[in-house]
Amino acid sequence: MKFFIDTANLDQIKEAQDLGVLDGVTTNPSLMAKEGITGAENILKHYVAICDAVEGDVSAEVIAVDFEGMVKEGEQLAALHPQIVVKIPMVKDGIKALKYFSDRKIKTNCTLIFSAGQALLAAKAGATYVSPFIGRLDDVSTDGIFLINEIREIYDNYAFETEILAASVRHTMHIINCAKIGADVMTGPLKAITGLLNHPLTDNGLKKFLDDYKKGN
Ligand code: G3P
């Protein structure tokens, strides 16, 4: 399972990279705004800074919602750096744009997936990744993990190569449940990734080992 970090915060990206378990980064316009990165030029520069800080795929989202606009923006984003994956929203013109980029071997991430039907369409159009938003489904009393299950079953039935990128991951149990189902990738905040480290018995056990070592020395 690949681990992506879902942030535009360079310090957090570097911290996850230093841990040695990071496979990529996802961003979106809200995450950019949260870091105070505004204006087209600054946003493009920030994508390059993120690519320089990590080794894997970096999703950069188009703002256009029409086919021509998505193609223009996506080509500009893809030309920025070889690690860029063009993030396209799940709308009708987005499906056309996914096919356009797929035909040109440009990687894509279809975002804002909330149903199995949307994931099926995105895979048919040749998306590299689909991003089902599990936390936002949970927010409206719908089981986000169930959607990952459905997509896994559909993709396995037909050997689709599109990777399931579980997004809107909020906590460690989301990561564990996605891993049990076989999501290809999860993207979440740094605290969800580092949260996997924690267990009080580990802390207690380590304290005892160190205390006993001191007693004998
Ligand atoms: O990857 C999608 C993600 O950024 C959305 O997360 O927590 O805003 O639902 P959230």
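The values are calculated or read from the model by the stated rules, or taken from the named source; none is laboratory data. What you see is a predicted model; the values in this text were computed from it and never measured. Ideal geometry is used to build each Cβ from the backbone, glycine not excepted, and the neighbour counts take in all protein chains shown. Just so you know, the surface numbers come from the protein's heavy atoms only, side chains and all, with ligands and any DNA or RNA stripped out. Shrake-Rupley method; radii C 1.70, N 1.55, O 1.52, S 1.80 Å.
For the reader, a short list of remarks on this structure follows.
- In sequence order, calculated HN-Hα J values of region 174-190 (Karplus, 6.51, -1.76, 1.60; Hz; x Gly/Pro): 4, 5, 5, 5, 5, 5, 5, 6, x, 4, 6, 9, 10, 10, x, x, 4
- Carbon plus sulfur fraction of accessible area for region 2-215, probe 1.4 Å, in percent: 56
- Where only C-alpha atoms are counted, convex hull volume of region 104-178 per residue in Å³: 82
- Based on protein heavy atoms only, region 2-215 ends up with 51 Å² per residue of surface accessible to a 1.4 Å probe.
- Ellipticity estimate at 222 nm from DSSP helix runs (n ≥ 4, -39,500 (n - 2.57)) divided over the chain, nearest 500: -16500 deg cm²/dmol
- Restricting region 130-217 to GluC sites (Glu not before Pro) that sit in a DSSP loop and have at most 14 other Cβ atoms within 10 Å of their own Cβ leaves E161.
- Of the peptides 122-134, 106-118, 21-33, the ranking by mean beta-carbon count within 10 Å, highest at the top, reads 122-134, 106-118, 21-33.
- Gaussian network model of the chain, springs between alpha carbon atoms under 10 Å - residue of H81, H174, H199 with greatest fluctuation: H199
- In the chain, the ratio of gyration radius to Kirkwood radius, Rg to Rh, stands at 1.05 when only Cα atoms are counted.
- Over 20 Å apart at the Cα level, from the set K2/K99; K2/K92; K92/K124; K14/K107; K45/K87, are K2/K99; K2/K92; K14/K107.
- Remark: relative contact order (region 15-165) = 15 percent; criterion is Cα-Cα distance under 8 angstrom and separation of 6 or more residues.
- Reach of K105 by Cα under 17 Å, taken over aspartates and glutamates that are not fewer than 8 positions away in the same chain: D57, E73, E75, E161, E163
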